[in-house]
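For reference, the structure discussed in these notes is given below.
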Amino acid sequence: MSASVDLTTRYLGLDLKHPVVPSASPLSQSLDGIRRLEDAGASAVVMYSLFEEQLIHESLSLEHYLSYGAESFAEALSYFPEPQDYNVGPEGYLELIRQAKEAVDVPIIGSLNGTSPGGWTHYAKLIQEAGADALELNIYHVATDPSLSGDAVEQLYCDVLRDVREMVSIPVAVKLSPYFSSMGHMAHKLTRSGADGLVLFNRFYQPDFDLEELEVGPHLVLSSSDELRLPLRWIAILYGRIPADFALTTGVHNHLDVLKAMMAGANVAMLASELLKSGVWRITDIVDAMTLWMEEHEYVSVAQMRGSMSQQHVSDPDAFERANYMRTLQSFRFDPTGSMA
Ligand SMILES: Cc1cc2nc3c(=O)[nH]c(=O)nc-3n(C[C@H](O)[C@H](O)[C@H](O)COP(=O)(O)O)c2cc1C
């Protein structure tokens, strides 16, 4: 890495040597895995998630029973994997954080994954006590109830965040989906409810139908760089307008993706699919290629490029988006006889 290029960045109050961070995935499910990520050059590690359902399975939280009713709760729990199917239970998770803090020097970001306020959020405190430097709260919620208004969904997010926020003093980032009527407003609401950072965006795993077995099956396809554009656009829109750090997740596969994330305004670019597919050493490749690109293009620091392609100075982002939409449609050339140009 060249001393002439300053790759340092700051995310959730943490000073990182560069912005390439492995996001929550099975790569952090063991101490060896976390060590490998550090050896491969990661500047921080986001732990895989501890799930609300997993925690409730453990404790059968009274509060949850009271909120949702024992029967529907018991039925709901029957959809979830059995506790032994999770890789590590809550105690093992906390122990892994403790061991990781002893074994590696890079910051460790814990991850909680849930959708309802309540007793399970107490684990945020335990994650902090285990030594995590920050916490990522993944609110992966598909609003299937037709009677639930958009307002109520937004309130749910803020309530879960508030409960977690009350438990900890370490920085908290919220990982969420892009499916809000007013993404900007929602982002603002979350910062007002205590989010220090936003992790954009959760990737929704679209289940497929198995027509022979008549089953809905899990169908995990790893991402491609094409998927970068959605989080890229939203970080470019929100940068400078929302007082939060931004982590870009989904579609980061190479150094150009990381550079784009920085120019949109992200503090860090997170990867899972690329590391699962090609190996954790891709982190070093990407950091090296990024450094070279910056030297060739005469950038001296990540700070200098951060937000340079954001919409911070666009006075009317709505009109800008409309104009881009029209330009995109009009740029398509086709052959009226039938084949595409
Ligand atoms: C196998 C697998 C496991 C994952 N587990 C988690 C998890 O436990 N918690 C979480 O917040 N995200 C999890 N993710 C989502 C990733 O952190 C990431 O946000 C998503 O894959 C998009 O990034 P990518 O395009 O780099 O893969 C997982 C992704 C994969 C592929």
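The values are calculated or read from the model by the stated rules, or taken from the named source; none is laboratory data. The model shown is predicted, which means the values in this text are computed figures rather than measured ones. Because the Cβ atoms are built from the backbone with ideal geometry, glycine has one as well, and the counts that use them run over all protein chains shown. All accessible areas refer to the heavy atoms of the entire protein, side chains included, with ligands and DNA or RNA removed. Shrake-Rupley method; radii C 1.70, N 1.55, O 1.52, S 1.80 Å.
Report the Cα-based extents of the stretch 257-341 along its three principal axes, largest first, to the nearest Å.
48, 37, 26
For Tyr11, what residues show an amide H to amide H distance below 5 Å, using hydrogens built from the backbone and excluding near sequence neighbours?
Counting only residues 5 or more places away or on other chains, the set is Leu16.
Calculate the FRET efficiency for Ser278 and Ser149 from the Cβ-Cβ distance with a Förster distance of 35 Å, rounded to the nearest 0.05.
0.25
Report the Cα-based extents of the stretch 117-273 along its three principal axes, largest first, to the nearest Å.
50, 39, 34
Using the Kirkwood radius over C-alpha pairs as Rh, can you work out the diffusion coefficient of the chain via Stokes-Einstein at 4 °C, viscosity 1.567 mPa s, in µm² per second?
The Stokes-Einstein estimate is 61 µm²/s.
Residue-wise, which Karplus ³J(HN,Hα) couplings in Hz belong to the stretch 316-328, taking 6.51 cos²θ - 1.76 cosθ + 1.60, θ = phi - 60°, and x for glycine or proline?
Once rounded to whole Hz, the list reads 10, x, 4, 5, 4, 5, 4, 4, 5, 4, 5, 4, 4.
Where Rh is the Kirkwood radius over the Cα pairs of the stretch 205-294, the temperature 4 °C and the viscosity 1.567 mPa s, what D in µm²/s does Stokes-Einstein return?
89 µm²/s
As a test of reading the structure, rank Glu274, Glu227 by solvent-accessible area (1.4 Å probe, protein chains only), most first.
Glu227, Glu274
Using a probe radius of 1.4 Å on heavy atoms only, what accessible surface per residue do you get for the chain? Whole Å² is fine.
50 Å²
By its C-alpha gyration tensor, with a ≥ b ≥ c as the square roots of the eigenvalues, how is the stretch 150-206 shaped: rounded for a/c under 1.5, else prolate for a/b larger than b/c, else oblate?
prolate
Pull out a ≥ b ≥ c, the square roots of the eigenvalues of the alpha-carbon gyration tensor of the stretch 186-341, then state rounded if a/c is under 1.5, prolate if not and a/b is larger than b/c, and oblate in the remaining case.
Note, shape of the stretch 186-341 comes out rounded.
Pick out which of Glu295, Glu53, Glu136 has the largest mean-square fluctuation in a Gaussian network model of the chain, springs linking Cα atoms closer than 10 Å.
Result for the chain, Cα springs under 10 Å: Glu295 fluctuates most.
So, taking all protein chains as they sit and a 1.4 Å probe, how much accessible area belongs to Tyr299, in Å² rounded to tens?
60 Å²
Hey, in the GNM for the chain with a 10 angstrom Cα cutoff, which one of Phe320, Phe180, Phe204 fluctuates hardest?
Maximum fluctuation in the GNM of the chain, among the listed residues, is at Phe320.
Which value, in Å² rounded to 10, gives the accessible area of Trp234 with a 1.4 Å probe and all protein chains present?
Per-residue accessible area (Trp234): approximately 60 Å².
Farthest toward the dipole's positive end in the stretch 197-290, which of Ile242, Asn254, Leu230, given Cβ charges of +1 (Lys, Arg) and -1 (Asp, Glu) about the Cα centre?
Farthest towards the positive pole: Ile242.
Could you compute how much accessible surface Lys17 exposes when probed at 1.4 Å, giving the result in Å² to the nearest 10?
110 Å²
Could you compute how fast the stretch 251-299 diffuses translationally, taking Rh as the Kirkwood radius over C-alpha pairs and applying Stokes-Einstein at 10 °C with viscosity 1.306 mPa s? Give it in µm² per second.
144 µm²/s
List the relative contact order of the chain as a percent without decimals, with contacts defined as Cα pairs under 8 Å and 6+ residues apart.
19 percent
Pop out the carbon and sulfur fraction of the accessible area of the chain as a percent, whole number, probe 1.4 Å.
53 percent
Sort the stretch 1-56 into rounded, prolate or oblate with this rule: let a ≥ b ≥ c be the square roots of the eigenvalues of the Cα gyration tensor; rounded if a/c is under 1.5, and if a/c is not under 1.5, prolate when a/b is larger than b/c, oblate otherwise.
Note, shape of the stretch 1-56 comes out oblate.
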